[in-house]
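Input: a single structure, listed below in structure tokens.
The values are calculated or read from the model by the stated rules, or taken from the named source; none is laboratory data. None of these values were measured; they are calculated from a predicted model. Using ideal geometry, Cβ is built from the backbone for each residue, glycine included, and neighbour counts are taken over all protein chains shown. Accessible surface areas use protein heavy atoms only, side chains included; no ligands, DNA or RNA. Shrake-Rupley method; radii C 1.70, N 1.55, O 1.52, S 1.80 Å.
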Amino acid sequence: MQTINKLKILNDPIYGFITIPNSMIFDLIEHKYFQRLRRISQMGLSYLVYPGAHHTRFHHAIGCMHLMQKAVNVLRFKGVAISEEEQNALYIAILLHDIGHGPFSHAMEHSIVNGVSHEHISMFFMQKLNKEFNGDLTLAIEIFRGKYKRQFMCQLISSQIDMDRADYLKRDSFYTGVAEGNINSERLITMLNVKDDQLVVENKGIYSVEKFLTARRLMYWQVYLHKTGVAAEQLLIRVLKRAKELTRQGVTLTASMPLMYFLKNDITLEHFNTEALELFSELDDYDIVAAMKAWQYEDDFVLKNLCGMIINRDLLKCKLKKKPIKKELLTKHREALIAKYNISKTEADYFVFSGEVSNQAFTEKKQRIKILHKNGKIEDIVKASDQLNIKALSKSVTKYFICYPKEKV
């Protein structure tokens, strides 16, 4: 039998050549659960705003693993002891950190599953893979959950400056063409160190941290919370909510088997069993798009119009305001819609609604970013930085949105 060469090299548009470090990582990447990430958009429906944003969760996960390899090499070079087993666990944990994302990323968490986050589902997938790989993922799971005794390793997976953020800011900025998000992740990683079991940034890297935090804030307002993107995601949430409602009322909708399972059943955290996980592993963006293409011809006023809006990019008008939306404004738009189409208030609520979005570049409370000075003293980034806006970046900014139809529905 011919043995497969498992030390493959992938070509990435951002980092160039990425090497798969060992045969176990190769086997995880080859697994159908991981290959599914090729069919999950990294930025949901943002391509309706930025036409280039068609990259996938697969791209991102591989990029994170590449940055983790760099981080491990940098820390070892600086005398931080990382064993072969720990190194492998770090690669696995970062590679699989997003494996639980559903179609179009975040929209699913608010519609077809009930209170089950992608982190929960990532955990379920990792536990299932751990059985298949004879317990080889045990340490990776411990690090992923933040329970490992060496805290800095958990911080490399999830913290203010983790490999996840270091990749997605640079990647999303590249694919959207929004230059403001283009951080120098390589320099940032080169400045990492460990002190008292905490991840720190050497003071030479302080400007890279400032750039990173500023880039994150700009990317949120300009890309992730762009008003058109917000409107599109809200429409998708409502498409799935309406489809679920109609299915419960006995209406037969065209949908793939995995999607139909989640429309028919109310899947909460306690109901997320092996069957739900297997069916979830077969769900991707294509199920949702194919369903919407069919549903735009349904009889139901709400479902067909919502689907048509997304498929043909004829979205609701969305306005972002600094103050909460007045009820009278919602009532005005809702009543105009009811009068025009002779629909019920419940139906009109699918097209006229408000909400809020907030943006915080980093939190001061959760695992502060620590700067390591040459004399060994550790200082919080807010104090160490001479940039006045760093303090301001830790403040959460909330904006309020209203969505309503343009002249026609």
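Spacing of the modelled spin labels on Ala290 and Asp386, each 7 Å from Cα toward Cβ, amounts to 6.0 nm.
Under the criterion of Cα pairs below 8 Å and six or more residues apart, the relative contact order for segment 272-409 equals 30 percent.
Available extension along the chain between Lys345 and Tyr207 is 44.4 nm, counting 0.36 nm per residue and deducting the alpha carbon span. The percentage of C-alpha pairs in segment 233-294 whose separation is greater than 18 Å is 33%. Taking all protein chains into account, the per residue accessible area for segment 159-198 stands at 35 Å² (1.4 Å probe). Computed with a 1.4 Å probe on the full set of protein chains, the accessible area for Met126 sits at about 0 Å². Here segment 98-206 is described by how far its Cα atoms reach on the three principal axes: 44, 38, 24 Å, from widest to narrowest.
The length gained on full extension between Asp314 and Phe26, counted as 0.36 nm times the residue separation minus their Cα-Cα distance, comes to 99.5 nm. What does the accessible area of His120 come to, in Å² to the nearest 10, when a probe of 1.4 Å is used? About 70 Å², ignoring ligands and nucleic acids. P(r) tail for the chain: Cα pairs beyond 39 Å make up 24% of the total.
Projecting label points 7 angstrom from Cα along Cα→Cβ for Thr268 and Leu329 puts them 3.5 nm apart. The calculated FRET efficiency for Ile378 paired with Arg39, based on their beta-carbon distance and R0 = 51 Å, is about 0.70.
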